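The values are calculated or read from the model by the stated rules, or taken from the named source; none is laboratory data. This structure is a prediction, so every number in the text was calculated from the model and none was measured. Ideal geometry is used to build each Cβ from the backbone, glycine not excepted, and the neighbour counts take in all protein chains shown.
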Amino acid sequence: MPLIVRILPDEPAIDREFIYLIPDRLIDSLGGLSIELGTIVRVPLKGRKVRGWVTGIGVDPPLGVELQSVTKISGIGPPSSVLGLADWASVRWVGTRPKFLRTATADRIVSFVPSAVENRPEIAALDSLSVEAFSRKKAIVRMGPNSDDWPLISAAASFGSALILTPTVAQAKRVLLKLKRAGFDAALAQRDWEKSAAGNVTVGSRAAAWAPIPKVDSVLVLDEHDESYQEEAAPTWNARDVAIERARRDGSPWVVASSCPSLEMLTSGAPLLTMTRQAERASWPTIEIADRRVEAPSAGEWCSEPLTRALRLGKRVVCVVNRKGRARFAYCGQCGELARSEVTGQIMGLDKELLIDALSGETRPAVCAECGSTRFRRVKLGVKGIAEELAVVARREVIEVTSEDGPLPEKSDLYVGTEAVLHRVESTDIVAFLDFDQELLAARYRASEQAMALLVKAARLVGRREKNGRIIVQTRVPDHPVLDAAYHSDPGRLARSELEARQMLQQPPISNWAIVSGSSAKEFMSRIGNAEGVEISSTVEGTWRLRSQDRQKLLNLLKDTERPPGRLRIEIDPLRA
Ligand SMILES: [Zn+2]
């Protein structure tokens, strides 16, 4: 008897299942393979042969239709739990299932999975915070930037088939090494696909959320706030949220850890666990805020007095400057205050004789609200000259880091570069943000959270305050909540003020957003028309923003509207909007 199966072909544009039969001769020649949910096959589709996944076995054949045959059983695919997860994700991020299943599938033919190793080393004395976190079933753990994450990692691994996520592959490899040293036969996703499929502890970055672990016994997401967990292109799925959903489906505990937990997590209903105030504070470096409004006229264009001092003391310094998307700010030539809207408080730029708010279009005469001066200066647009000024002040050579990755141009104790330089230097005495207002005041709803994440990254490079770790922040808004929180080593202070702002402005995670763009977006939006409970706006030509308090209502609307032909991009809760 031939076997009748349901197959999802690997065709994202189709995203539909079809019924095929598996002829006896294929079943007889399977060897060690068996046909399971998720098994990878080749099937004829519209005159071509394509890859597909088995999504149903022994299904009833449709009446009066001659079934086509599967042409090949290729190998082992994702387990049935991950098939279900792909269904869920396709609704959650309005994406097609083949895109998710591709991430869950090995990049080679797999025809054998070893049996699970019963290998659970004894873990010596876990700290009480980690024990409590996992006993709560779900928890957010806030730790200082230089706190040891091993207690959490080993606590997660001791459950068995643990899934541990880190923002980068380099971090995953470090965790893997620690686990191996402790006696765990851990797998690195996707490299050790077979080992994950056997249920070993699995570590990896974004794609690891789709590791082929049949049943996940615990989930740990380190640095959950990190934006690299979210796919930038649509569907904008987030690995943290996928991993949490896996824990939920498998009835297992999940813990997310971060030095600056995201508002998405803080509003998720999971309890927030923190270290003692003293321990958290000790894990931060000293934050020195250089107020550029009140500087001596002798101060340089780019070097505040504290930075000048540090450079002259011969410290190892990494200078960070934002070269992209430089906002056009203006500040008063007399008192140094940034120009702000009197209505919204937004930072304004200088356009000929007028001050202008780039977001609302509001303009007003260029008169300082603080001192009445009419002399305004533009914050410098170009970044040329920074290296020269640093070299003159420091009296030593400056290495400019311009590329995003690869080895550093040469070993130095003074670098200047964009944010990417923070990923490339291993340690330093001081990180100096030359113009932090570009981060603090960027026209994005998550600007504050993103600025905080940068400070956390810098805090790791310079180390704890007791080891003289120091961050210098040059700014004209020294009272900004981000700086207040970092100064007090207490990210909770920022979370409270941010949440209030998001509530007021109805931004995520208080409301849910979808951004629709692409060549067929106009037609798609006209099909949507007006929908109750969903607010639609368009500030950029060809791009629409949909906003709703009710996420399911928003997702259903997007799913149930027929897509016109052409390119359509739907981003759910994008991080950089
Ligand atoms: Zn002024």
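Data overview
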{"quantity": "Subset of region 173-199 (residues that are part of a loop (DSSP other than H, G, I, E, B), closer than 19 Å to Ala239 by Cβ and not aliphatic (A, V, I, L, M))", "calculated": "Gln190, Arg191, Asp192"}
{"quantity": "Subset of region 519-539 [assigned to a loop (DSSP other than H, G, I, E, B), within 15 Å of Lys559 (Cα to Cα) and touching a helix residue (DSSP H, G or I) at 6+ places or on another chain (Cβ under 8 Å)]", "calculated": "Ala531, Val534"}
{"quantity": "Odd one out for Asn146, checked against (1) at pLDDT 95 or above; (2) in a helix (DSSP H, G or I)", "calculated": "(2)"}
{"quantity": "Leading residue by the ranking (farthest from the ligand (Cβ to nearest atom)) among those in region 319-338 that are of a type in the set (A, V, I, L, M) and at pLDDT 75 or above", "calculated": "Val320"}
{"quantity": "Which numbered condition Ser537 fails, given (1) in contact with a strand residue (DSSP E or B) (Cβ under 7 Å, 6 or more places away or on another chain); (2) surrounded by 15 or more Cβ atoms within 10 Å (Cβ to Cβ)", "calculated": "(2)"}
{"quantity": "Pairs where the first residue, in region 329-341, is closer than 12 Å to Arg292 by Cα and the second is near the ligand (Cβ under 8 Å from one of its atoms) and charged (D, E, K, R), C-beta under 7 Å, 6+ apart", "calculated": "Tyr331/Glu337; Cys332/Glu370; Cys335/Glu370; Glu337/Glu370"}
{"quantity": "Tally, over region 281-300, of residues that are over 30 Å from Gln334 (Cβ atoms) and surrounded by fewer than 21 Cβ atoms within 10 Å (Cβ to Cβ)", "calculated": "3"}
{"quantity": "Evaluation of Leu83 against (1) surrounded by fewer than 19 Cβ atoms within 10 Å (Cβ to Cβ); (2) at pLDDT 95 or above (one fails), failing number", "calculated": "(1)"}
{"quantity": "Residue within region 435-451 that is surrounded by 19 or more Cβ atoms within 10 Å (Cβ to Cβ), among the hydroxyl-bearing types (Ser, Thr, Tyr) and in a strand (DSSP E or B) present", "calculated": "no"}
{"quantity": "Region 18-74 - residue that is in contact with a Pro (Cβ under 7 Å, 6 or more places away or on another chain) and in a loop (DSSP other than H, G, I, E, B) and, of those, nearest to Arg97 (Cα to Cα)", "calculated": "Gly38"}
{"quantity": "Region 468-487 - residue that is in contact (Cβ under 8 Å) with a residue 12 or more places away in the chain and surrounded by fewer than 19 Cβ atoms within 10 Å (Cβ to Cβ) and, of those, nearest to Ala339 (Cα to Cα)", "calculated": "Pro478"}
{"quantity": "Of the criteria (1) within 21 Å of the chain's Cα centre (by Cα); (2) in a helix (DSSP H, G or I), which one Val516 fails", "calculated": "(2)"}
{"quantity": "Subset of region 1-32 (residues that are crowded, with 18+ Cβ neighbours inside 10 Å, out of contact with any Asp or Glu (no Cβ under 9 Å at 6 or more places or on another chain) and of a type in the set (A, V, I, L, M))", "calculated": "Val5, Ile22, Leu26"}
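Per-residue answers, yes or no, for (1) under 30 Å from Asp437 (Cβ atoms); (2) without any contact (Cβ under 8 Å) to a residue 40 or more places away in the chain; (3) aliphatic (A, V, I, L, M); (4) in contact with a helix residue (DSSP H, G or I) (Cβ under 9 Å, 6 or more places away or on another chain):
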residue	(1), (2), (3), (4)
Val203	no, yes, yes, yes
Trp210	no, no, no, yes
His225	yes, no, no, yes
Ser228	yes, no, no, yes
Pro253	no, no, no, yes
Cys260	yes, no, no, yes
Met275	no, no, yes, yes
Pro285	yes, no, no, yes
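Here is a yes/no grid of residues against (1) in a loop (DSSP other than H, G, I, E, B); (2) buried (at least 21 other Cβ atoms within 10 Å of the Cβ); (3) in contact with a strand residue (DSSP E or B) (Cβ under 7 Å, 6 or more places away or on another chain):
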{"residue": "Ala243", "(1), (2), (3)": "no, yes, yes"}
{"residue": "Cys260", "(1), (2), (3)": "yes, yes, no"}
{"residue": "Leu273", "(1), (2), (3)": "no, no, yes"}
{"residue": "Trp302", "(1), (2), (3)": "yes, yes, no"}
{"residue": "Leu307", "(1), (2), (3)": "no, yes, yes"}
